[in-house]
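Right, one structure below, let's go through it.
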Amino acid sequence: MRSSRRREGISKLTGQERYVDDLTVEGCWWGMTARSPVARGRIREIRFGRGVDWSEFVVVDHRDIPGANQVRLIELDQPVLASDRVRHVHEPVVLVAHRSRQMCRRAIREIEIVVDPEPAVLDYRIKPTPEQIQYGPDNVFKHLRIEKGDVDRALASAAHVIEGVYETGAQEHVYLEPQGMIAGEEDGVLVVRGSMQCPYYVLNALMHALGRDESHVRVVQTPTGGGFGGKEDFPSNLAVHAALLALKSGRPIKMIYDRSEDMGSTTKRHPSLVRHRSGVDSQGRLVAQDIEMTIDGGAYVTLSPVVLSRGIIHAAGPYACENVRIVGRAVLSNSVPFGAFRGFGAPQSQFANERHMDRIARTIGMDPAELRRRNLIRDGQTTSTGQVISDGTDRVEVLERALCRSGYAQKKEECVSFNAAHPYLRRGVGLAAFYHGSGFTGSGEVYLSSCVDVAGLEDGRIEIRTANTEIGQGTLTIFATIAAERLGLDESQIVIAEPDTARVPNSGPTVASRTAMVVGRLIERACDDLRRTLGLSEADTGQRLRDAIMKWWAEHPDTEPVGHARYESPPGVLWDDQTYRGDAYAAFAWATHVAEVEVDLRTFATRVVGFWAVQEVGRVINQTLARGQIQGGVVQAIGWALMEDCVWDDGAMANAQLTNYIIPTACDVPSIDVEFLENPYPHGAMGAKGIGELPMDGPAPAIVNAVVDALGVEASAIPLTPERLMELVTHG
Amino acid sequence: MLSEAGGQATLLGGTTDLFVHWPERMLDADGVFIDLSGVGALRAHRWEDEALVLGGLTTFWDIIQDERADREMPVLVQAARTVGAVQIQTRGTWAGNIANASPAADGVAALMVRDAVVELTSCDGIETIRLDEFYLGYKQMRLRRDQIITSIRVPRQSCSVERFIKVGTRQAQAISKIGVAIAQSQAGWRIVANSVAPAVCRCRTVERALDDRVPLPHVDALVELLGSDVSPIDDIRSTAAYRRGVLARVLYHELAPLCEWVGPQRGAS
Amino acid sequence: MDECGLVTIELTLNGGCVRLEVDPGERLLDTLRDRLGLKGTKEGCGEGECGACTVLMDGVPVNSCLVPIVQARGKRIETIESVDRAQLSALLDSGATQCGACTPGVVMSAAWVMQHPELLHTHGLRELMAGNLCRCTGYDGIIGGLAAAIEAGLARKSEGEG
Ligand SMILES: Cc1cc2nc3c(=O)[nH]c(=O)nc-3n(C[C@H](O)[C@H](O)[C@H](O)COP(=O)(O)OP(=O)(O)OC[C@H]3O[C@@H](n4cnc5c(N)ncnc54)[C@H](O)[C@@H]3O)c2cc1C
Ligand code: FES
Ligand code: FES
């Protein structure tokens, strides 16, 4: 497969790309946010100090919200601006606007939000006291359950029963471009431009909070400097804030978070606690998996129910086991709401599972690779939800390729002799086998009912209209390749419309590894539909198509030829939301990753010295982009595994600065070796499956497994910082 | 100029400390800023017979680029290369590192281990102070607000051992959780640690033990000696226990190959 | 940065002389972006960590968010706007940019390394690029592209000499 060059690559490399902060808008003022100083309480008073002249400012609070004071998402429990109560530190309460950004900073310091504190939940793992209850009877946002077979019976008769508890911490996205929005009214239409993944989410939130209909609100995505889920749900909040200031001031308003504000007040990956109890037979085959997953949802529901859903569906791993019980809970705590983050619950649950597989292997004395080889799902077998896997992928082959590429067996031997000889360095090798479902969970895609348009332009070129955004992952390039391939055109003949809700249909959010596979497939179908509209057959491509478009315009100068497509579930995909049984995802991507680490027993620092990533992702549409997704995801996961630690202090992130929240630099990671096995998926664009989130799932357990291999201590919580590892090694 | 400002002036060096979060910080800034960068003479460093003389504006990068420094005083180059990343090294100055008085200052550790002397200039004249006598406590030092660090003299005594080991929050662009500089010369052993006390400090108890060749059979022996030299704390980057334990381990493993009285052989006999 | 009076400074920007009025309290980054409209240089953190704001000052990379504009007086400043496209194809092909937010800074550091291949006698590429955080690429695309660009540059040079 050829790899087209990234479409906007030169524009980015030369600094020509214009992000939201780069836009200059005539008459624009700056907006800024005053926030709660405490984790929970009742707002007694808001004091405005004398250090600034308030007549120069526009000030907004909850009383200025024309529609509902609710951020529209799954539930409506999160206020746009707190009115009487706050539920987390940095919760927005008051907004200010001024011509000068520096004056806004001054004004924010002059605002004192006086809160009478109430008992806050600062540790989601501890059962709340009655005074701490803030949601339902027990602070539980969502309960979910998966049942297959008879777990208790299987456990009772298993040759070995192995238990383990695993924990993962919060992770900050650190997209390099902070959150930012510009809002302003243009001819009675409120227009919001900004950094986001999902223009229609933002549109819906604006309509809800502003009490406007679709014809009076418009959302345009600007080139977005990274998202990773952090710009899935959160931008709705900021967009409404900017809009409120714009409406009250009658001017365009720009709100750009600085890094500390961004890190302190926006969503992060859900912390998790997962318990495993597994039964295996004497051959090392899994006969029972009993799993309990709890995630910390933070102060409001936001996306926690669906994160939990994906989490538990992936919790049993890519293994065949006839008796599975998975119980999941998302619970409230008084910290910033945890939100979408690449992998969406699956990295957490698969960290636990893949760590646990190693614990099983050690307990029964089997090589970890062999244990996985015996248990990986074969075609015809079922997942925990009873989904029959029959995609023709050889999952054992994926494992074998990873072992072979990394030289796993030989490395293991080398480590033993190295460790015996070295005074303080210890090496180890670890692996993880895992999978990731592409697209929305269960019936999600059906509910979304996404639409795509493909139009023939007057000059004969083709325009693709979707609401899916380029956030670095390569949407523009991939879409152009898909359409060009389908229509037999050169990619230069393809135009990708700017994601502008006034111009593009709702093709669903840019999340869940769905863009290439699901939306790409819609583009293919819309291309076919365009041909039908033009009276062409599927064989008509290239010049014939161009001619037909030109002819159309000559004959119908007032109507453009458009092809439409709306999502249809692939045949035979059935899911029951009540019982959590059936086909959770239309397709899965499969992978095995191997990590080699070196632990320094002087400093307890772990360095990843080698990393091999083998995955089957359907057909690879663009090698360069796909490799970049894997490498970037692996490195983000290395950070999560070893160094990225949100330090909490009374519900606030104490290290909300890049100098104290540590993500990997070029010196902290090795070169990541990547291999794709390709088994085209018939219902994905050009045979593609999802790829973006997959690489977040495996590296953390592979790395920690390697540390365990090196040291022989059972590490079960990440980030496995040197401090934590020292505790484990010196105190067990 | 400094005295005109009535001791309220802040000097701008490479501003890699002063300008962090500047827009926020500016709101608190009072008084005057005096830019030193116009004073060209402060930038250059020179090799004299007895000492390497760093100017008040000599950057880390200036020393990293000096092959002679790499040959004669590798500890300076090693430490400089661990400071931030290139963009910080090209701007950050040795004098700023000293005057910022952070307990985590890597450059200070390397200078102190080589017995550097700071030269302070004001209207009243020039004062020289040994760097290991310069700090009085957390962010407290013998530098008046009307004084400028005009140079830092690093004696050219040859060292049989000199090195800087940094345990940072990551491999680069990292603040020290622990740093330790080690040197041995005719003057004896020098052990300087950062991030384990209110200011960068010499570990004199350990130095004396090394000079006296006191057997140190295992890490715990060093932990004990260090107990009177350092007083680490828990903070956002690490814990006191980690700092204490890891400083001892790093030192132990560095010293063991160098000193036959450090290590299990001695302990066993 | 409204309150203080303006001062006039001169500097060499991307090869040309500029004379402009600035607020002495502003950062070089602000001057470039807000006064001169050079939006290529990005602010990723304002604390010197991320390197998105990297420019060359008198030929070496610095974080423009940490440079008081008064210290740029009389200096030679080069920004992303001065970079020759022809230099960039290796980075493009290797996947050195994804979201692009770190990219202008990455390119400035890379351009400096390309101009000074002798740095590689003492430094590794990863160490030289460690001041540019990238959250998307995992660095392979950047390091690989830079290595290829340097090789191509050396090859061109030896052809020129040969
Ligand atoms: C991203 C980043 C990473 C960093 N990493 C490290 C690291 O790894 N290790 C480390 O040690 N430091 C690190 N630092 C801190 C900083 O770079 C160093 O402390 C540097 O040496 C400061 O020098 P400067 O010239 O930039 O100081 P400035 O910021 O200019 O000044 C610092 C202080 O010193 C005073 N001062 C400056 N020059 C003089 C003088 N000649 N006489 C009297 N007073 C003076 C100033 O008034 C001010 O109070 C880092 C900083 C950043 C932003
Ligand atoms: S913005 Fe200057 S280093 Fe991040
Ligand atoms: S390309 Fe997105 S941060 Fe580097």
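Read-outs throughout are calculated quantities, based only on the coordinates presented, and are distinct from any laboratory measurement. For clarity, every value in this text was computed on a predicted model and none was experimentally measured. Cβ placement follows ideal geometry from the backbone for every residue including glycine, while neighbour counts extend to all protein chains displayed.
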By the Cα gyration tensor axes a ≥ b ≥ c (a/c under 1.5 gives rounded; else a/b larger than b/c gives prolate, otherwise oblate), the shape of chain A is oblate
Per-residue HN-Hα couplings for the range C:61-73 [Karplus 6.51, -1.76, 1.60; θ = phi - 60°; Hz; x = Gly/Pro]:
x, 9, 8, 5, 6, 10, 10, x, 4, 4, 7, 8, 3
How about the range A:495-527: which trypsin sites (Lys or Arg not before Pro) there lie in a loop by DSSP and see at most 15 other Cβ atoms within 10 Å?
A:Arg503
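Taking Cα atoms of the range A:370-416, Rg/Rh with Kirkwood Rh, to two decimals? Don't jump to the answer; show the numbers that get you there.
Working: Rg = 13.8 Å, Rh = 12.2 Å.
With Rg and the Kirkwood Rh in hand, the quotient comes to 1.13.
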Quick query: amide H of C:Lys75 versus all other amide H atoms, modeled in the peptide plane; which residues come in under 5 Å with a sequence gap of 5 or more or a different chain?
C:Thr12
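Scanning chain A for helices, which whole DSSP H stretches are 27 Å or more long along the axis (Cα) and average -0.5 or more by Kyte-Doolittle? Please report the intermediate quantities before stating the final value.
Details: long enough: A:623-642 (28 Å, 0.44).
Flagged H segments are A:623-642.
Taking the radius of gyration and the Kirkwood hydrodynamic radius from Cα positions alone, what is the Rg/Rh ratio for the range B:1-134, to two decimal places? Intermediate results must be reported in sequence, preceding the final value.
On the way: Rg = 15.1 Å, Rh = 15.7 Å.
Reported Rg/Rh (Cα atoms, Kirkwood Rh): 0.96.
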On a 0 to 90° scale, report how tilted helix C:103-115 is relative to the longest principal axis of chain C, with both axes built from alpha carbons and the result rounded to the nearest 10.
60
Per residue of A:594-605, what is the mean number of Cβ atoms on other protein chains within 10 angstrom of that residue's Cβ?
4
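How long is the gain from A:Arg461 to A:Thr382 if the chain were fully straight, where each residue apart is worth 0.36 nm and the alpha carbon distance is subtracted?
Values: separation 79, 0.36 × 79 = 28.44 nm, distance 4.58 nm.
Contour length minus the Cα-Cα distance gives 23.9 nm.
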Take the alpha carbon atoms of the range A:20-49, find their center, do the same for the range A:478-507, and report the distance between the two centers in whole angstrom.
38
From the phi angles alone, apply the Karplus equation (6.51, -1.76, 1.60; θ = phi - 60°) to the range B:107-121 and give each ³J(HN,Hα) in whole Hz, x where the residue is Gly or Pro.
x, 4, 4, 5, 5, 5, 5, 9, 6, 5, 10, 9, 10, 10, 10
So, with points 7 Å from each Cα along the Cβ direction, the A:Asp540-A:Thr559 label distance in nm works out to 1.6
So what J values fall out for the range B:127-136 if you push phi through Karplus, 6.51 cos²θ - 1.76 cosθ + 1.60 with θ = phi - 60°, rounded to Hz, Gly and Pro as x?
10, 10, 9, 5, 4, 6, 10, 7, 8, 10
Just tell me which aspartates and glutamates come within less than 16 Å, Cα to Cα, of C:Lys157; anything on the same chain fewer than 8 places away is out.
C:Glu118
Out of residues 5 or more away from A:Ile377 or on other chains, whose amide H comes under 5 Å of its own, with H placed 1.01 Å from N in the peptide plane?
A:Tyr319, A:Ala320
Note, A:Gln631: beta-carbon cut-off 13 Å, +1 each Lys/Arg, -1 each Asp/Glu, net -1
Under 5 Å between amide hydrogens, which residues at least 5 positions from B:Trp189 or on another chain qualify, with H placed 1.01 Å from N in the peptide plane?
B:Asp211
Averaged over its residues, how many other protein chain Cβ atoms are within 10 Å of peptide A:175-183's Cβ atoms?
4
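Normalised radius of gyration for the range C:7-80, please: alpha carbon Rg relative to 2.2 N^0.38 Å, two decimal places. Working shown, then result.
Working: Rg = 10.9 Å, N = 74, 2.2 N^0.38 = 11.3 Å.
Rounded to two decimals, the normalised Rg is 0.97.
Considering only the other residues whose Cβ falls under 10 Å of the Cβ of A:Val398, what net charge follows from Lys and Arg at +1 and Asp and Glu at -1? Intermediate results must be reported in sequence, preceding the final value.
Working: positive: A:Arg395, A:Arg401; negative: A:Asp394, A:Glu397, A:Glu400, A:Glu616, A:Glu675.
Neighbour charge sum, excluding A:Val398 itself: -3.
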Take the Cα of A:Lys248, step 7 Å along the line toward its Cβ, and report every residue of the range A:40-59 whose backbone nitrogen sits under 11 Å from that point.
A:57-59
What angle do you read, to the nearest 10 degrees and between 0 and 90, between the alpha-carbon axis of helix C:140-161 and the longest principal axis of chain C?
80
From the residues C:Gly16, C:Ala52, C:Leu38, which one has its Cα farthest along the dipole of the range C:7-80 in the positive direction, the dipole being from +1 and -1 charges on Cβ of Lys/Arg and Asp/Glu about the Cα centre?
C:Gly16
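Hey, got the dipole for the range A:566-686? About the Cα centre, +1 on K and R Cβ, -1 on D and E Cβ, debye to the nearest 20?
On the way: 6 positive and 16 negative charges, 66 e Å.
Computed about the Cα centre, the dipole is about 320 debye.
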Centre separation in Å (Cα based) which lies between the range A:535-582 and the range B:50-75:
68
Roughly how many debye, to the nearest 20, is the charge dipole of the protein assembly as shown about its Cα centre, given +1 on each Lys and Arg Cβ, -1 on each Asp and Glu Cβ, and no other charges?
1100
In chain B, if the dipole is taken from +1 on Lys/Arg beta carbons and -1 on Asp/Glu beta carbons about the Cα centre, which of B:Ala199, B:Ala187, B:Gly263 is farthest to the positive end?
B:Gly263
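Taking the Cα centre of the range C:89-158 as origin, work out the dipole magnitude from +1 charges on Lys and Arg Cβ and -1 charges on Asp and Glu Cβ, in debye rounded to 20. Could the numbers behind the result be given before it?
Numbers: 4 positive and 5 negative charges, 17 e Å.
I would put it at about 80 debye.
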Residue-averaged beta-carbon neighbours from other chains (10 angstrom radius) around A:102-108
3
Please give the contour-minus-distance gain from A:Ile364 to A:Gln623: 0.36 nm per residue of separation, less the Cα-Cα distance, rounded to one decimal in nm.
89.2 nm
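Show me the ranking of peptides B:18-30, C:129-141 by mean Cβ neighbours inside 10 Å, starting with the highest.
Numbers: B:18-30: 15.8, C:129-141: 28.2.
Most protected by this proxy first, the peptides run C:129-141, B:18-30.
Packing-wise, with mean Cβ within 10 Å as the measure, how do A:85-91, B:136-142 rank, highest first? Numbers along the way, then the final one.
On the way: A:85-91: 24.4, B:136-142: 12.6.
Going from most to least packed, we get A:85-91, B:136-142.
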Per the Debye formula with a single identical scatterer at each Cα and no solvent contribution, what log10 I(q)/I(0) holds for the range B:79-206 at q = 0.12, 0.14, 0.15, 0.18 Å⁻¹?
-0.43, -0.59, -0.68, -0.97
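Just need the Rg to Rh number for the range A:465-571, please, alpha carbons only, Kirkwood Rh.
Working: Rg = 14.0 Å, Rh = 14.5 Å.
In the range A:465-571, Rg relative to Rh is 0.96.
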Of A:Lys12/C:Lys75; A:Lys127/A:Lys148; A:Lys231/A:Lys254; A:Lys248/C:Lys39; B:Lys139/B:Lys166; A:Lys12/C:Lys39, those spanning more than 19 Å from alpha-carbon to alpha-carbon:
A:Lys12/C:Lys75; A:Lys127/A:Lys148; A:Lys248/C:Lys39; B:Lys139/B:Lys166
